[in-house]
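Asker: Below you will find the structure I want to go over with you.
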């Protein structure tokens, strides 16, 4: 009987520990989701600005100057890399408590969380590197991007809260090199 009670107690305590761990996982995932949502909104705004720049440069006469809003240019130049907590999920997946989950679909989802976030982060780092090593140097040759890089508050301006006439512009040369880069990147 004593061994049975000890075994039951260990199981009950293990389940309690598992619930505590799962509670920490839920808290971490909720926090991460907010950051992921912000990252998604950033990516949508970046894509919109990149599309506007692409259209302006490709519609221009090759070699001519195109006036591009600094805010739009800033949106193309800026990059973001998520930084979300993953330690509780990682610890939970590696623990014995993870094995106590009866729901196979939930276990699969939780076990894929950290690799999915790492893949997202790796993609964002690759995009940042592409911007830093390819896009920015090409734009520097064709325009003065210093003012655009120094902008603050740009995303609120992009949402249309400020009259477009209040936003500065930068002349960008629709050079063959920039046009070729835009065409190449459009195919990615």
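Just so you know, all these numbers are worked out from the coordinates, no wet-lab data involved. Everything quoted here is computed from the prediction, not taken from an experiment. Heads up, the Cβs are rebuilt from the backbone with ideal geometry, glycines too, and the neighbour counts pull from every protein chain shown.
Asker: Based only on other Cβ atoms within 10 Å, what is the fewest-to-most ordering of 95, 21?
Answerer: Details: 95 14, 21 20.
With the sparsest Cβ surroundings first, the list reads 95, 21.
Asker: For 170, 138, 27, what's the fewest-to-most ordering of other Cβ within 10 Å of each Cβ? Before the final figure, lay out the partial values.
Answerer: Numbers: 170 21, 138 16, 27 12.
Ascending Cβ contact count within 10 Å gives the list 27, 138, 170.
Asker: Right, next: Would you order 181, 53, 130 from fewest to most other beta-carbon atoms within 10 Å of each residue's own beta-carbon? Mind showing how you got there, number by number?
Answerer: Details: 181 19, 53 23, 130 14.
Fewest to most other Cβ atoms nearby, the residues stand as 130, 181, 53.
Asker: Compute the orientation-averaged projected area for the stretch 79-120 from the convex hull of its Cα atoms and round it to one decimal in nm². Let's see the in-between values first.
Answerer: Working: hull surface 12.4 nm².
Reported value for the Cα convex hull: 3.1 nm².
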